[in-house]
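The values are calculated or read from the model by the stated rules, or taken from the named source; none is laboratory data. Model, not experiment: these values are computed from the prediction. Side chains included, ligands, DNA and RNA excluded: accessible areas come from the protein's heavy atoms. Shrake-Rupley method; radii C 1.70, N 1.55, O 1.52, S 1.80 Å.
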Amino acid sequence: VWSLWKEDQTLDLVDSAVSRDSYPALEVMRCIHIGLLCVQEFATDRPNMSDVAFMLCNESAALPSPKQPAFIFKRPIAGTNSSSTIAGGTSTSGNDVTITTIQAR
């Protein structure tokens, strides 16, 4: 999201199956802008919920420029594989993060 924001390609986040004529582009861009403000590294840089509601309801409200978030997901480079498969077909993450699924007996 951050990379697309910096490249002024924010609308590329919208699913390609959705026609660009079927949604208000400025509203989508404003929502993404507000979302980026909500994930700032420092809590003091993030808007509180009443500010978020105000920004969403008032198109004329000026929005501050977001700063780069502390944590950014990067797209894998074409031809690389960020996960692997172990015996039994279980997929594992390349970043050592695990997910536990709880099943009843």
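Of Ser50, Ser16, which has the most accessible area and how do the rest follow, probe 1.4 Å?
Details: Ser50 80, Ser16 120 Å².
Sorted descending by solvent-accessible area, the residues read Ser16, Ser50.
Keeping all protein chains in the complex and leaving out DNA, RNA and ligands, what accessible area do you get for Phe54 with a 1.4 Å probe, in Å² to the nearest 10?
Here the accessible area works out near 110 Å².
What figure, in Å² to the nearest 10, do you get for the accessible area of Asp12 with a 1.4 Å probe and non-protein molecules left out?
80
Could you order Leu11, Leu26 by accessible surface area, starting with the largest, using a probe radius of 1.4 Å?
Numbers: Leu11 25, Leu26 140 Å².
Order by accessible area, largest first: Leu26, Leu11.
Could you order Cys31, Cys57 by accessible surface area, starting with the largest, using a probe radius of 1.4 Å? Intermediate values should be presented prior to the final figure.
On the way: Cys31 75, Cys57 105 Å².
So, going from the largest accessible area down, we get Cys57, Cys31.
Keeping all protein chains in the complex and leaving out DNA, RNA and ligands, what accessible area do you get for Lys6 with a 1.4 Å probe, in Å² to the nearest 10?
Lys6 has an accessible surface of roughly 140 Å² with all protein chains in place.
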